[in-house]
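The values are calculated or read from the model by the stated rules, or taken from the named source; none is laboratory data. Because the structure is a prediction, the values reported are computed rather than measured. Because the Cβ atoms are built from the backbone with ideal geometry, glycine has one as well, and the counts that use them run over all protein chains shown. Side chains are part of the model used for accessible areas, which takes the heavy atoms of the whole protein and leaves out ligands, DNA and RNA. Shrake-Rupley method; radii C 1.70, N 1.55, O 1.52, S 1.80 Å.
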Amino acid sequence: MEGTELKALLENNCYYLIFADLKSYSQGKVTEIHTYEEFLQSECEFVLLIVDSCIQPSI
């Protein structure tokens, strides 16, 4: 997906974000990344990881 397409999707819609794992590659091989070392060895230029959790108190 091109950046302009992602930008339009995010700006023109409402979302409730629970989890996002976004990676950006300008060109080159797209690979799965699980560790920082894998990130350093990959062609990936940017990673955004968002996790939203809700803990309800016990009564």
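Here are a few things to note about the model shown:
- Annotation: of all residues in the range 29-46 being under 16 Å from MET1 (Cα atoms) and open to solvent by 60 Å² or more (accessible area, probe 1.4 Å), the one that is modelled with the lowest pLDDT is LYS29.
- Among residues of the range 24-40 that are free of Cβ contacts under 8 Å to residues at least 60 places away in the same chain, those with a beta-carbon under 8 Å from a residue that is of a type in the set (S, T, N, Q) at least six positions away or on a different chain give the pairs LYS29/SER42; THR31/SER42; ILE33/SER42; GLU38/THR31.
- Pick from the range 1-27, criterion over 28 Å from LEU40 (Cα atoms) and hydroxyl-bearing (Ser, Thr, Tyr), ranking: most open to solvent (accessible area, probe 1.4 Å): TYR16
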